[in-house]
Amino acid sequence: MTDAPAAPRKLFLLDAFALIYRAHFAFSKNPRINSKGMNTGAILGFTNTLVEVLQKEKPTHIGVAFDGPKKTFRHEQFPAYKAQRQAMPEDIGTAIPYIKQIIEAFDIPILILDGFEADDVIGTLAQRAEAHGFEEVYMMTPDKDYCQLVTDRIKIYRPAFMGNAAEILDLDHVLKRFEIERAEQVIDILGLQGDASDNIPGIPGIGEKTAKTLIQKYGSVENLIAHVDELKGKQQENVRNFAEQGLLSKELATIHVNVPLPFEPEQLCCSAPDEVRLTALFDELEFRQLAARVLKTGPTRTAVPISPAKGTKSSIPTGAGHQASLFAPAPGITEFIDDDEDARPGPQGPRRTLAEVPHQYHLIETPRLRQELLKFLLLQTEVSFDTETTGLDTMTARLVGMSFCWLPGEAYYVPVPQHDAAAAQALVDEFRPFLEHAGIVKVGQNIKYDLTILKHYGIRIGGPLFDTMLAHYLLEPDMRHNMDVLAETYLHYTPVSITELIGPRGKKQKTMADLPPADVSNYACEDADVTLQLKHVFEPRLQELGLLRLLNEVENPLVPVLADVEYEGVKIDSAAMGDYSAQLQGYITELEQQIYAAAGQEFNIGSPKQLGEVLFDKMGLGGGKIKKTKTGQYATGEEILSVLALDNPIAGLILEYRQLTKLRSTYVEALPQLVCEADGRVHTSFNQAVTATGRLSSTNPNLQNIPIRTEKGREIRKAFVPRDADHVLIAADYSQIELRIMADFSQDATMIEAFRNGIDIHSSTASKVFKVPLEAVDGEMRRKAKTVNFGIIYGISAFGLAQRLGIGRKEAVDIIDAYFQEFPAVKTFMDASINKARELEYAETLLGRRRYLRDINSRNATLRGFTERNAINAPIQGTAADIIKIAMIRIHEWLQKENLGTRMILQVHDELVFDAPRSEADYVIPRIKELMIGALPLSVPMEVEVGTGSNWLQAH
DNA sequence: CCCTGTTGG
DNA sequence: ACACGCCAACAGGGA
């Protein structure tokens, strides 16, 4: 008998830091924090990748490479190498020791060598393994530099990531991707095009495309330089001037495969993990699911029974479609159900999908079944519902169907007739008793959308609302609140993706109306089901954190208010916009000519790149001290140009040009295009769940940044007009709301007194800081005091104040010192805010709205400073947001109750705009003012300024 | 798709 | 030596 051929040897070499960074940032939107407050995302992500490769690929040999501790030869050659790369995030720093311990517990060798980076180590070992006859060598990394090492047997293994499957890059891939003949030429490509993330400069003007063509033609950087004469124009100049830099870049991109490291295959052999040690580590880190998967000795899991909701007897209307037995649990599911309620669930671990979870989703298509369903709906106290439509634009979308759910795992979908508006309306009307029922809580995800859709069918949703998107916004204000992600995170459940149903976004995208109702049913029912289950997860958490009242008394009641405001829209005088556009165009063309004349050449003024070159290279402006942006371009921002304007008129012309083109493109040209055909008005969307502080934001268009500060900008407000000649616009502004909140929070006696006596706050501050009588305060002093007052709210520094005021640093220090001497309680309050945030790791508004400040105790001074300023600003800005939200709810409620014709049409952070019948204005104004002032009484009086006019500018 | 620059509070 | 006041949306350039 001959020897059996030896089993193929399969080596995996992992690039530790690259994988760790990637894992860390994958979790950055949804950090995993364990009960000790440790961010374990990087560790979990890395370990998952490791486990996956061990289980799926079953390597015979494996090693994990780390960068060596000392600077590498690359830093010596080129000091800027990786210089602009940010310091390692703290969470990664703390993660590294754990990751090393886990690797050790798996009995995998850690490869590390002083003065060399992981890629050199991996490159060296990969080539030696190939030389030793290894059949397969995989370099595990997301980094494209490694492409230069790929051969028949050495490949790149990119681990699965954010839904993308793992990917193996072989020689074919590499040659095609870079359009080269030999893998080594990757370094020539990189040498020419550079690599921003590693600060490898490359040659200016050569990007990916150009690099490929040049290397195809010349084969290498050296040969290109030798034939530089054959190139043309600017390119020739660049290659000639930056030849050195190109060669150096190539050198930097080269992975060195002669690292003094012995290749000892037996050291790299895969062996069994140390289960005791792993158990201890996973236990400490609270990786329960991972432990169960890896160690197979975790506690036995039991299925969570689907609990019947309170107050419901039968759960399935008779005859409502499928038999329960059709939906028996999938075999083996029990072991996947997580019993881990306390730890925040992360987006890892086994996922359950529609096919795996017991559910009963019913398609309700006959009049009899609809009546039966309605009967049940009317028996509930709380129902989650969802609408399916033909698109996302509420003004044009048509209803396709509605789904309802009041028991987890059980939902009903009612298709709406298409192509027959009357029949569709009739069907919606069937459900009116439920939809408008004032006693049934309506649960939804982004329920404003459903409200608006149904409003087009004449339905005014009744009863308290519960929006799971807003619930999550209060729990995690700086995250995203996408339902699919929430389901994965909190329910360990993967909903059917909409893309699967209607295809990717694009020209040929289907809509829900193009699908058979049975297909839509599954999707729609699942959404209602998931939404209800999310509510059940979020509600107790909100209760614990003291956020339930804020949700139920502010955010949820604001939803129908915003739906009405958006639905109402704003009238825009498009003709006036058109005239103004032509006028602006005239100014702009004139400016262009003047700028070209001053520069002595034509160029694209709108390109910061070209502009910088013209101003600084060609014209030699700036006198030596020229600032650059972080990407190495010339900085040409407002502050820079206004300084230059003192010496050269071109800078002023450019600023004016910028202002006018901004006005034209962003407002004058864009707004008329967004006028809705059906009613001739512009309908913005107010997003209630994006800002970290609790403010609203406005998109499509953003009506919260319509110009007002400059004369030419203000003009645009004249085009915002009442609905007709019998109406007027009313604008009501809170005056200095944030400073009043500061006075209340700090209880500073001087500040409170000024507000109580109705003294102009900026003059009052000026009088105190500059130690002159109130009457002696001049415009300049008031201006400075105003800047100081705003600076205080934002947690200003002497540097910042000096910059803003254009004064010396010393003077700024003096002003700030004087300020704190005169307003000592403000200083105390600011310190206390920071201390409280250090303790709690969050800041909160008067109503308990939180902003998490997890970096407040960071050792990174810059990051900490940033977070400290947030600790001061977030409660103030957030409380102002709370206050105006309450006012909006009360005013809306009052306008409805009194059946008035006045409509709220805009909110701009501290301002509300109304469109009112002329005859009503005198009646509503005092009440609007009263409701705004009284929304949330503070220890200082609130002031509201109200104006009216036949356009928005006049109303101010 | 990211960057720079502008608009608002 | 470095960075340096908060919260947003949108347009255009350049790859």
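Table for the structure above
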read-out: A:Ile884 vs. criteria touching a His at 6+ places or on another chain (Cβ under 8 Å) and within 16 Å of DNA strand B (Cβ to nearest atom); value: yes
read-out: Residues of region A:689-700 satisfying the condition of being in contact with a helix residue (DSSP H, G or I) (Cβ under 6 Å, 6 or more places away or on another chain) and more than 10 Å from DNA strand B (Cβ to nearest atom); value: A:Ala689, A:Gly694
read-out: Candidates A:Val913, A:Val924, A:Val944, filtered to the one that is more than 16 Å from DNA strand C (Cβ to nearest atom), among the aliphatic types (A, V, I, L, M) and closer than 14 Å to A:Ile737 by Cβ; value: A:Val944
read-out: Count of region A:654-674 residues which are surrounded by 18 or more Cβ atoms within 10 Å (Cβ to Cβ), more than 9 Å from DNA strand B (Cβ to nearest atom) and either of a type in the set (A, V, I, L, M) or without any contact (Cβ under 8 Å) to a residue 24 or more places away in the chain (or both); value: 2
read-out: A:Arg681, sole failed condition from (1) in contact with a Gly (Cβ under 9 Å, 6 or more places away or on another chain); (2) farther than 30 Å from A:Ile876 by Cβ; (3) within 12 Å of DNA strand C (Cβ to nearest atom); value: (3)
read-out: Test: A:Thr47 is over 23 Å from A:Ile154 (Cβ atoms), modelled with pLDDT of 90 or more and not in a strand (DSSP E or B); value: yes
read-out: Criterion: modelled with pLDDT of 95 or more, more than 16 Å from DNA strand B (Cβ to nearest atom) and either over 24 Å from A:Asp744 (Cα atoms) or surrounded by 17 or more Cβ atoms within 10 Å (Cβ to Cβ) (or both) - qualifying residue of A:Arg890, A:Arg864; value: A:Arg890
read-out: Any hit, region A:719-739, residues being surrounded by fewer than 21 Cβ atoms within 10 Å (Cβ to Cβ), touching a helix residue (DSSP H, G or I) at 6+ places or on another chain (Cβ under 7 Å) and aromatic (Phe, Trp, Tyr); value: no
read-out: Residue count for region A:360-398, restricted to those that are touching a Cys at 6+ places or on another chain (Cβ under 7 Å) and of a type in the set (Ser, Thr, Tyr); value: 2
read-out: Filter result (more than 10 Å from DNA strand C (Cβ to nearest atom), assigned to a loop (DSSP other than H, G, I, E, B) and more than 17 Å from A:Ile741 (Cβ to Cβ)) within region A:841-868; value: A:Glu841, A:Arg854, A:Asp855, A:Ile856, A:Asn857, A:Ser858, A:Arg859, A:Asn860
read-out: Qualifying residue in region A:740-763 (condition: of a type in the set (D, E, K, R) and without any contact (Cβ under 8 Å) to a residue 40 or more places away in the chain); value: yes
read-out: Tally of residues being farther than 17 Å from A:Asn446 by Cα and aliphatic (A, V, I, L, M) across region A:506-536; value: 5
read-out: Residues satisfying the stated conditions in region A:226-258, i.e. within 21 Å of A:Gln148 (Cα to Cα), of a type in the set (A, V, I, L, M, F, W, C) and modelled with pLDDT of 85 or more; value: A:Ile255, A:Val257
read-out: Selection status of A:Leu703, within 10 Å of DNA strand C (Cβ to nearest atom), part of a helix (DSSP H, G or I) and either modelled with pLDDT of 90 or more or in contact with a Cys (Cβ under 6 Å, 6 or more places away or on another chain) (or both); value: no
read-out: Leading residue by the ranking (nearest to DNA strand B (Cβ to nearest atom)) among those in region A:706-723 that are of a type outside the set (Phe, Trp, Tyr) and touching a strand residue (DSSP E or B) at 6+ places or on another chain (Cβ under 8 Å); value: A:Ile706
read-out: Subset of region A:751-777 (residues that are within 18 Å of A:Phe790 (Cβ to Cβ) and in contact with a Ser or Thr (Cβ under 6 Å, 6 or more places away or on another chain)); value: A:Ala754, A:Val777
read-out: Only listed residue being within 32 Å of the chain's Cα centre (by Cα) and at pLDDT below 90, chosen from A:Leu113, A:Leu175, A:Leu169; value: A:Leu169
read-out: Candidates A:Val788, A:Val813 - the one that is within 16 Å of DNA strand C (Cβ to nearest atom), without any contact (Cβ under 8 Å) to a residue 24 or more places away in the chain and aliphatic (A, V, I, L, M); value: A:Val813
read-out: Qualifying residue in region A:417-435 (condition: at pLDDT 95 or above, part of a strand (DSSP E or B) and touching a Pro at 6+ places or on another chain (Cβ under 8 Å)); value: no
read-out: Those residues of region A:926-956 which are out of contact with any helix residue (DSSP H, G or I) (no Cβ under 7 Å at 6 or more places or on another chain) and closer than 22 Å to A:Leu703 by Cβ, in sequence order; value: A:Glu945, A:Gly947, A:Gly949, A:Ser950, A:Gln954, A:Ala955, A:His956
read-out: Residue ranges of helices (runs of 4 or more DSSP H) in region A:442-524 with at least 3 members of a type in the set (A, V, I, L, M, F, W, C) and under 19 Å from A:Val565 (Cα atoms); value: A:447-455
read-out: Sole residue being buried (at least 20 other Cβ atoms within 10 Å of the Cβ) and free of Cβ contacts under 8 Å to residues at least 24 places away in the same chain, chosen from A:Leu641, A:Leu646; value: A:Leu641
read-out: Subset of region A:639-658 that is modelled with pLDDT of 85 or more and within 13 Å of DNA strand C (Cβ to nearest atom) - its residue that is nearest to the chain's Cα centre (by Cα); value: A:Arg658
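The values are calculated or read from the model by the stated rules, or taken from the named source; none is laboratory data. Fair warning: this is a prediction, and the values are worked out from it, not measured in the lab. Neighbour counts run over all protein chains shown; Cβ positions are idealised from the backbone, glycine included.
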